[in-house]
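This report refers to the structure that appears directly beneath it.
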Amino acid sequence: MDMNENKRRRSMLLYVLIAIIAYLAISQALGTNLTASRVTPVEYSQFVHMVEKNEVTQAESVYGNPEITFTTGEGDSQKLYTTVLWNGTEESTAQLLDDHGVTMVSEIQDTSSDLWLMLLVSYGLPILIFLGIGWWLNRRMKKAMGDDGPSMNFGGGGFGMGGGLGKSNAKEIKGEDTGVTFKDVAGQDEAKESLQEIVSFLKNPEKYNEIGARCPRGALLVGPPGTGKTLLAKAVAGEAGVTFFQIAGSAFVEMFVGRGAAKVRDLFKQANEKAPCIIFIDEIDAVGKRRDSSLSSNDEREQTLNQLLSEMDGFDNHKGIVVLAATNRPETLDQALLRPGRFDRRIPVELPDLAGREAILKIHADDVKMESGIDLGVVARSTPGASGADLANIINEAALRAVRFGRRRVTQEDLLESVDVVIAGEKKKSTVLSPHEKEVVSYHETGHAIVAAMQKGAAPVSKITIVPRTSGALGFTMQVEEDEHFLTTRQEAKDKIAVLCGGRAAEELIFNEMTTGASNDIEKATQLARAMVTQYGMSDRFGMVQLGQPASRYLGGGQQLTCSEGTAQEIDAEVQALVEEGHQTALRTLRENRFKLHEIAHYLQKKETITGDEFMNILTRDDGFAPKMPTPTE
Ligand code: ADP
Ligand code: MG
Ligand code: ZN
């Protein structure tokens, strides 16, 4: 809180400064106005002249002040002037005034109501305005800070303007019953399965406590926008029949200084009262971004994040509170958030495949009236890469179109038309591939998979998909190591590079063309090759010499070379040779298995996602083209 206090002081000071400047500007404007309209300054010589012409009726002076305020005329025609005495003329001036019968007053009299008004306006009004601005700022801050925010004082207490102003207008975070269940979420079976345990824990925390089992406190839903992360979180609350607290990560950050942390505290306090319940933090990357050492770090965000971390450590898990969070940029999250006891479970929520898309369409189609005999499968097949939200939108667009044409029911044509509307409109947001692109991606991914299968040291393929990912990848080939291992041999590293080159090699071989799709593979292959040379001492040329080191051990990032420039050039050549070796291996492997490449790529194009088993079945089926598989290593 000390930091917060400081910051608040600082911003307070700023506001006071602004108020003072405003006061000065206003009083300046008012002051010149008054003088100009009521008191006319004149030269001393003119004053003498006016006295000699017997125009002056009364003169006032304050003791020790060389200024004289004097009037001409009587009653309505009376005018006010001021002048400054010529140095050393006090006595002669008094004589002159006396000679011409001017009433001489040596103090300001309150006979003129004008003077009072003048005083009031030139001193009272600015002070009032100052107070007003202060009051308004005070109020605004209180509003933004909410009731439990520390109370606010200008400059240590001058402006506590009455008790009522301290009350909060901040919106309370309200829990809700969502009414959504797993039935409303389609095509996310794996995610639902992972969340099932949380549901059963929330339903029955005692059962877990009895045994002494510790249920996860937090789970992170990770996936592209519109895939149903928010929906899934609500469904967990609905399934378990518990209260659902939702807050967006950005809501923590866009507040006044110090408020984000207070809001986190507030949130957990309320959740504690309503437990069992779910706290859902949407778009957590807004607060949970990795803390770094850069100078432009965001203090407020870090405060909020720290508060969140400490709340997550502190809350009483026995009562059944589970924190769910969603993000589509997991790689930017602070490592501390992902530590055990916090968001240690990661639940992928990926774009739906063909079957998933059809199921999602069906859920949303149930809400609108449709002609009989509608084929949703056609829609599903024509929307690879569409998210759940896209699909819900397609159904809605179709219903709107039906209304526009004055129909009572949605037709197949409405549906197909709305696919175009939604997809064309959304092309930039979600990736929908043209048939040719889909073919290229199929060959690319199959290329990776076949090279992986034929390399002794490469991990087995477990899944190939051409459903586009958030990362921008248009497809990927997943390899899962058979058992955990912590050491990588030089041969395995070389095999890995060959596998990474497999995608591009397939493009070259089949289409005699190169695409930008391999950029990520190239990046990874180069990185690995470079690390082999500079960090792992795996090159023949340099041997066991450290030539570089990671820029930051815990935060990741690039690499710093620790060698001379001449050596850096040689490193580049060495890296290039390593990658090229992998490229040639990939080309050779694919050339030898050209027929399998065609067959699997076509199968993948049709199915979009295939399992490792399906892949291996086709690859090893003995139809005269089966490859000689490498003997597994021990
Ligand atoms: P996210 O939080 O992942 O961005 P949402 O959960 O907000 O996505 O999804 C937006 C809407 O899209 C949902 O309200 C729902 O109507 C629809 N939707 C998304 N995914 C699915 C799904 N898997 N099943 C059914 N509807 C879905
Ligand atoms: Mg969402
Ligand atoms: Zn690739």
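For the reader, a short list of remarks on this structure follows.
- Here the Karplus curve 6.51 cos²θ - 1.76 cosθ + 1.60, taken at θ = phi - 60°, turns the phi angles of the range 487-504 into couplings of 10, 10, 7, 4, 5, 4, 5, 5, 4, 4, 4, 4, 4, 4, 7, x, x, 4 Hz, with x standing for Gly and Pro.
- Computed about the Cα centre, the dipole magnitude for the range 67-108 is approximately 140 debye when only Lys and Arg (+1) and Asp and Glu (-1) carry charge, each at its Cβ.
- Estimated FRET transfer efficiency (Thr516, Glu413; beta-carbon r; R0 35 Å; 0.05): 0.45
- Computing FRET efficiency as 1/(1 + (r/R0)^6) for Met478 and Asn272, where r is the C-beta to C-beta distance and R0 is 60 Å, gives about 0.90.
- Point-to-point label distance, Glu74-Glu210, nm (Cα→Cβ direction, 7 Å offset): 10.9 nm
- Taking all protein chains into account, the per residue accessible area for the range 354-423 stands at 49 Å² (1.4 Å probe).
- Extension gain, Glu437 back to Asn65 (0.36 nm per residue minus Cα-Cα distance, nm): 124.7 nm
- Segment Lys53-Ala94, length gained on full extension (0.36 nm per residue, minus Cα span): 13.2 nm
- Options Thr230, Asn204, Ala240, ranked by Cα towards positive dipole end of the range 171-348, top entry (Cβ charges): Asn204
- FRET efficiency, Val545 to Leu338 (Cβ-Cβ, R0 35 Å, nearest 0.05): 0.50
- For the range 435-620, carbon and sulfur atoms together expose 51% of the accessible surface, with a 1.4 angstrom probe and every protein chain in place.
- Extending 7 Å from the Cα toward the beta-carbon at both Glu580 and Leu125 defines two label points whose distance is 8.4 nm.
- Charge context of Lys438, other residues only, Cβ under 12 angstrom, K/R +1, D/E -1: -1
- Rounded to the nearest 20 debye, dipole of the range 435-620 from Cβ charges on Lys, Arg, Asp, Glu: 140 debye
- Cα pair distances exceeding 21 angstrom across the range 435-620, given as percent: 51 percent
The values are calculated or read from the model by the stated rules, or taken from the named source; none is laboratory data. Here the structure is a predicted model, which is why all the values come from computation and not from measurement. Don't worry about glycine lacking a Cβ; one is built from the backbone with ideal geometry, like all the others, and counts go over all protein chains shown. These area figures cover heavy atoms from the full protein model, side chains too; ligands, DNA and RNA do not enter into them. Shrake-Rupley method; radii C 1.70, N 1.55, O 1.52, S 1.80 Å.
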